[in-house]
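Notes to accompany the following structure.
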Amino acid sequence: MSENGQGAPAQAGAQGGEGSVQNPGLLPAQEHEAFASAHPRAIDIPYGFARKHGVVLLPQEGERLSIAVREGSDPRVLLEVRRHLARSFDVSFVDQAEFDRHLSNHYAMDGSAAAMAGSIEMGADELDMLAADMPTADDLLDSADDAPAIRLINGIIAEAARQGVSDIHIEPYETGLVVRMRIDGVLRETLRMPPHVAPVVVSRVKVMARLDIAERRVPQDGRIGLTLGGKLLDVRVSTLPSRAGERVVLRILDKENAGITLDLLGMNGVPDRIFREGLSEPNGIILVTGPTGSGKTTTLYAGLRQLNDGSRNILTVEDPVEYAMEGVGQTQVNAKVGLTFAAGLRAILRQDPDVVMVGEIRDRETAEIAVQASLTGHLVLSTVHTNDAVGAITRMRDMRVEPFLLASTLRAVIAQRLVRRLCQHCREPVQADKSASALLGFDPGTIIYRARGCSECGGTGYKGRIGVFEAIRVDDTIRRLINDGGDESLIARHAFLNAPNLGSAARALVRDGQTTAEEAIRVSRRDSVDAETIADG
């Protein structure tokens with residue numbers, strides 16, 4: 001395993017001199033020098049060796065180290081690790097999936113982007129060099145290219161993936177280049193660099209996304225396919241010309257989310273029952289509604305996964321296809337060649353489908369084709385952008401769908417939001433103040449929780465997000481109200497007579513200590529919920 005077969009016992013940190021890491025034979029001498037200079041005084045295993053031989057250092061608890069070993073790995077590799085670390089350790093054997101998770105979490109370059117940012121210097125030929133320098137490594141963590149801009153972008157994306165960031169904003173201003181990341185739905189500034197760095201960074205991103213770096217006058221869209229320690233990432237890139245340069249937004253799609261099931265969705269109680277009943281229908285329309293970034297697509301994919309048992313022909317038309325799903329035929333909208341939602345849906349219906357998923361119903365033509373598809377025996381799943389479930393019915397009416405057709409085809413409507421989940425390590429119990437009690441319908445003095453902030457949550461007080469759902473099952477009464485043109489308040493009064501709406505679902509999360517009053521107020525439908533419902537909340 002050692003290159004010369006005679007690796008000497010390793011000493012790290014102070015034992016080998018200030019800042020030194022002696023070569024135990026894990027790597028050739030040249031590679032080891034590079035590793036030692038990049039990781040001074042570190043007790044760690046080089047990434048390339050860890051991935052190749054299936055060993056990874058686990059988070060340290062106490063003084064003793066722990067090593068995870070991938071099933072099927074050569075146990076003799078532990079001797080080499082022992083020489084390198086110069087310390088004893090505990091060993092646990094894990095399967096491939098768990099090993100990949102440990103590998104990704106451990107080597108996600110925590111804080112590396114900030115360290116790299118100061119080293120970028122713009123030379124005269126920098127843009128030309130970046131354009132010609134296509135990335136050769138498939139794995140960010142395994143890249144041997146030391147170009148500062150490449151290392152910076154790699155570090156930013158890897159750090160974002162580690163923190164669960166959904167979007168990275170690269171924003172040029174006269175005073176500097178700002179990098180902001182959306183974590184748990186909230187943008188936070190994570191990096192600020194000199195203004196001369198902007199063209200270098202933007203050009204490097206455009207090269208990775210295979211966009212035209214010479215074109216800075218029009219918006220461009222592209223994609224970057226990456227792996228991070230075995231985890232597959234799909235990064236959607238959007239550029240937009242601005243006064244100080246090109247703004248870039250990178251949306252990170254973790255392909256593991258494509259495997260989420262209804263049980264993991266977080267939907268429970270009445271909404272879960274209504275959604276499952278709708279999926280069991282042989283035909284009809286199921287709508288999922290909510291603002292951008294509320295998790296509608298994830299909910300639809302969970303529903304498709306429930307239906308994808310091999311006995312149905314499931315086809316989708318999306319803009320864009322966010323996650324690849326085995327066993328499902330997925331088509332991407334391409335307006336440049338005339339492949340719109342309506343055209344794609346019309347073509348799909350000639351492919352003998354059982355279940356059809358339309359990414360979004362945006363116009364009258366798509367809505368009418370969806371209704372006709374449901375009338376001819378297909379189950380249609382789609383989304384619309386409205387604030388609540390009842391609003392989806394009104395939106396379909398606004399698209400000129402005949403009320404009697406809507407009443408006979410609509411099966412269920414799910415509305416959802418995402419609220420930030422309180423960090424369970426540092427949340428603080430407090431008494432609800434008068435304003436929160438009045439807005440949420442709590443008795444004065446009710447104990448709720450507020451965010452404080454600790455090392456576990458990065459000082460924010462929140463860690464992750466949780467879904468808030470409301471659902472309408474279209475029964476005979478609602479069908480009659482839709483057919484008769486009943487307004488939203490009448491439909492809502494019947495739909496939520498014995499079921500939670502968004503406001504009451506959010507208040508329940510506050511009571512359970514899952515989120516804060518501020519988050520619940522943000523998603524509550526105070527304007528359309530009558531006072532009695534709030535008081536009963």
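The values are calculated or read from the model by the stated rules, or taken from the named source; none is laboratory data. Predicted model only: the values in this text are computed from it and were never measured. Virtual Cβ from ideal backbone geometry, glycine too; neighbours counted across all protein chains shown. In case anyone asks, the SASA skips ligands and DNA or RNA and just uses the protein heavy atoms, side chains included. Shrake-Rupley method; radii C 1.70, N 1.55, O 1.52, S 1.80 Å.
Things to note:
- Hits in the stretch 315-342 - residues which are under 10 Å from Gly359 (Cα atoms), among the hydrophobic types (A, V, I, L, M, F, W, C) and either touching a Pro at 6+ places or on another chain (Cβ under 6 Å) or touching a residue at least 12 places away in the same chain (Cβ under 8 Å) (or both): Val317, Val333, Phe341
- Scanning the stretch 403-420 for residues that are crowded, with 23+ Cβ neighbours inside 10 Å and under 25 Å from the mean Cα position of the chain (by Cα) returns Val413, Ile414, Ala415, Gln416, Arg417, Val419, Arg420.
- Of the candidates Arg101, Arg64, the single residue that is open to solvent by 70 Å² or more (accessible area, probe 1.4 Å), modelled with pLDDT of 70 or more and within 23 Å of Gly164 (Cα to Cα) is Arg101.
- Residue list for the stretch 296-310, filter: more than 26 Å from Ala407 (Cα to Cα) and touching a residue at least 12 places away in the same chain (Cβ under 8 Å): Thr298, Arg305, Asn308, Gly310
- Those residues of the stretch 156-178 which are at negative phi, more than 16 Å from the chain's Cα centre (by Cα) and in a strand (DSSP E or B), in sequence order: Ile170, Glu171, Pro172, Tyr173, Leu177, Val178
- Of all positions in the stretch 386-402, at least one carries a residue that is open to solvent by 10 Å² or more (accessible area, probe 1.4 Å), on the phi > 0 side of the Ramachandran plot and over 31 Å from the mean Cα position of the chain (by Cα).
- Residues satisfying the stated conditions in the stretch 164-181, i.e. without any contact (Cβ under 8 Å) to a residue 24 or more places away in the chain and surrounded by fewer than 21 Cβ atoms within 10 Å (Cβ to Cβ): Thr175, Gly176, Val178, Arg180
- Residue in the stretch 344-357 that is at pLDDT 90 or above, closer than 22 Å to Glu470 by Cβ and of a type outside the set (Phe, Trp, Tyr) present: yes
- Among residues of the stretch 347-361 being within 31 Å of the chain's Cα centre (by Cα) and of a type outside the set (A, V, I, L, M, F, W, C), the one that is surrounded by the fewest Cβ atoms within 10 Å (Cβ to Cβ) is Asp354.
- Conditions (1) at pLDDT 85 or above; (2) small (Gly, Ala, Ser); (3) surrounded by 14 or more Cβ atoms within 10 Å (Cβ to Cβ): number failed by Ser143: (1)
- Here the stretch 281-292 is the region considered, the condition is being within 15 Å of Ile414 (Cα to Cα) and open to solvent by 10 Å² or more (accessible area, probe 1.4 Å), and the residue that is modelled with the highest pLDDT is Pro291.
- Any chance Ile252 is closer than 28 Å to Ile393 by Cβ and either surrounded by fewer than 16 Cβ atoms within 10 Å (Cβ to Cβ) or modelled with pLDDT of 85 or more (or both): no
- Selection status of Glu470, farther than 20 Å from Val165 by Cα and of a type in the set (Asp, Glu): yes
- Verdict on Arg427 being free of Cβ contacts under 8 Å to residues at least 60 places away in the same chain and among the basic types (Lys, Arg): no
- If only residues of the stretch 362-385 that are in a helix (DSSP H, G or I) and among the hydrophobic types (A, V, I, L, M, F, W, C) are counted, the one that is surrounded by the fewest Cβ atoms within 10 Å (Cβ to Cβ) is Leu375.
- Count of residues meeting criterion [of a type outside the set (Ser, Thr, Tyr) and open to solvent by less than 40 Å² (accessible area, probe 1.4 Å)] in the stretch 304-346: 18
- Verdict on Thr409 being in contact with a Gly (Cβ under 8 Å, 6 or more places away or on another chain) and closer than 30 Å to Ile491 by Cα: yes
- Scanning the stretch 179-203 for residues that are among the basic types (Lys, Arg) and within 23 Å of the chain's Cα centre (by Cα) turns up Arg180, Arg182, Arg188.
Per-residue answers, yes or no, for (1) at pLDDT below 85; (2) more than 21 Å from Glu322 (Cα to Cα); (3) open to solvent by less than 50 Å² (accessible area, probe 1.4 Å); (4) not small (Gly, Ala, Ser):
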site: Leu228; (1), (2), (3), (4): yes, no, yes, yes
site: Val235; (1), (2), (3), (4): no, no, yes, yes
site: Val270; (1), (2), (3), (4): no, yes, yes, yes
site: Phe275; (1), (2), (3), (4): no, yes, yes, yes
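- None of Leu228, Leu187 is under 30 Å from His102 (Cα atoms) and touching a residue at least 40 places away in the same chain (Cβ under 8 Å) except Leu228.
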